[in-house]
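Student: Dumping the structure here so I can ask a few things about it.
The values are calculated or read from the model by the stated rules, or taken from the named source; none is laboratory data. Model, not experiment: these values are computed from the prediction. When we count neighbours, we look across all protein chains shown, and the Cβ atoms used for this are built from the backbone with ideal geometry, even at glycine.
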Amino acid sequence: MPETEGAAELFGKKMASSSSVSASASSSSSLSEEELTLTVKWCGKEYTVRVCGDDSVAELKRRICELTTVLPKRQKLLYPKVGNKLSDDSVLLSQLPLKSSLKMTMIGTVEDEIIVDPVDSPEIMDDFELGQDETIDIKDKEVNKQKLRRRINQYKIELRNPCRKGKKLLVLDIDYTLFDHRSTAENPLELMRPYLHEFLTAVYAEYDIMIWSATSMKWVELKMGQLGVLSNPDYKITALIDHLARITVQSDFGVFDCKPLGLIWAQFPEFYSSKNTIMFDDLQRNFVMNPQNGLTIKPFRKAHANRDSDQELVKLTQYLLTIAELDDLSILDHKNWKFFSEDSAKRRRHE
Ligand SMILES: [Mg+2]
């Protein structure tokens, strides 16, 4: 990736050591050489944030969120001579004249009471279709693999329940996948996708279940708790994963965040791999780092109108249980999941 002159100066160390970085990618000492240390002031305290030139402003805000718990969308970042560039999440840090010697100021408030979904407009943007070539390009780019390695080192998945030997892994998005977060209701149960508990109960026989949302852990726990997903006696959730586990990638469509399953595979290699993992998300771009493992689910919107008719989770239960017999799920094209279930049902009828 071409870098500006200023960035080359800032990240000169990275350029000089790039060959050794790829040779010993898992070593944190070589990784740190390419990083930039920033000081962020907030509420009278100073925080040290380590970032890289190919990180976006969105990534910087996530790092700050980890330290301060101020959600990225609540942060306003001030820095000398950058104008309002820090308000554009897609800007790469290498494009800004950041210096370790200057301090950044953050203005923002912690949300104690999260009553509405904290995700801003990016999530309601329509999903764009990434072409096959583009997808391959993104997942194979060294810069993205490196971001994933950094994330694996930074983000530790906490298990709520033990991984089970011999089970496959189902990773679920929340917003528009399990829950209509844009409608309002007195009781959140009214916004839950129909058959959610029946679905989770049935697939738990063959799959460990993780829930990965592009929101904060606080909201994930709150929402899943309210829906009764964390206390249901018929299934257990293996882990919850939040927005901080995502990585930012660039494509011809612009800069966006995605959910790299490699993060899970690296932390639980004896249980999960690209062969036994499937992820449901209403946004295709979320599985751009592992396109073979993603299934784009029909978004569950307008819960009040669709609550009685939405059958998606019933149909997907059948699909998941049918493919659970396979040793390698990555050979499937999940785009055709509806036909797969019909075909196999037909086959069974003819047996
Ligand atoms: Mg979603």
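Student: Out of everything in the stretch 217-247 that is buried (at least 21 other Cβ atoms within 10 Å of the Cβ) and more than 16 Å from the ligand (Cβ to nearest atom), what residue ends up being nearest to Lys167 (Cα to Cα)?
Tutor: So the residue we want is Thr238.
Student: Of the conditions (1) more than 15 Å from the ligand (Cβ to nearest atom); (2) in contact (Cβ under 8 Å) with a residue 40 or more places away in the chain; (3) aliphatic (A, V, I, L, M), Leu313 clears all except one; give me its number.
Tutor: Every listed condition holds for Leu313 apart from (1).
Student: Go over the candidates Lys147, Lys76 one by one and state the one that is at pLDDT 90 or above and either buried (at least 20 other Cβ atoms within 10 Å of the Cβ) or within 16 Å of the ligand (Cβ to nearest atom) (or both).
Tutor: Going through Lys147, Lys76 in turn, the sole match is Lys147.
Student: Here are some conditions: (1) in contact (Cβ under 8 Å) with a residue 40 or more places away in the chain; (2) out of contact with any His (no Cβ under 9 Å at 6 or more places or on another chain); (3) part of a loop (DSSP other than H, G, I, E, B); (4) more than 19 Å from Asn276 (Cα to Cα). Glu186 meets all but one. Which one does it not meet?
Tutor: It is condition (1) that Glu186 fails.
Student: Quick one: Phe256 ticks every box in (1) at pLDDT below 95; (2) within 16 Å of the ligand (Cβ to nearest atom); (3) more than 14 Å from the chain's Cα centre (by Cα) except a single one, so which number is it?
Tutor: Result: Phe256 fails condition (3) only.
Student: Just one of (1) within 16 Å of the ligand (Cβ to nearest atom); (2) modelled with pLDDT of 95 or more; (3) closer than 22 Å to Thr277 by Cα trips up Ala214, so point out which.
Tutor: Only one criterion is unmet by Ala214, namely (2).
Student: Another question about this same structure. Identify the residue in the stretch 279-305 that is free of Cβ contacts under 8 Å to residues at least 60 places away in the same chain and within 24 Å of Asn187 (Cβ to Cβ) and, among all such residues, is surrounded by the fewest Cβ atoms within 10 Å (Cβ to Cβ).
Tutor: Ala305
Student: Another one. Is it the case that some residue within the stretch 202-217 is closer than 21 Å to Asp308 by Cα and either touching a residue at least 60 places away in the same chain (Cβ under 8 Å) or assigned by the TED database to the domain that holds Ala324 (or both)?
Tutor: Scanning the stretch 202-217, I find at least one residue that is closer than 21 Å to Asp308 by Cα and either touching a residue at least 60 places away in the same chain (Cβ under 8 Å) or assigned by the TED database to the domain that holds Ala324 (or both), so the answer is yes.
Student: Just name the residue that is modelled with the lowest pLDDT out of those in the stretch 22-48 that are assigned to a strand (DSSP E or B) and buried (at least 20 other Cβ atoms within 10 Å of the Cβ).
Tutor: Step by step, filter the stretch 22-48, then rank; the result is Leu36.
Student: Turning to a different aspect of this structure: Does the stretch 220-235 contain at least one residue that is in contact with an Asp or Glu (Cβ under 7 Å, 6 or more places away or on another chain), in the same structural domain as Leu321 (by the TED database) and in a loop (DSSP other than H, G, I, E, B)?
Tutor: No, the stretch 220-235 contains no residue that is in contact with an Asp or Glu (Cβ under 7 Å, 6 or more places away or on another chain), in the same structural domain as Leu321 (by the TED database) and in a loop (DSSP other than H, G, I, E, B).
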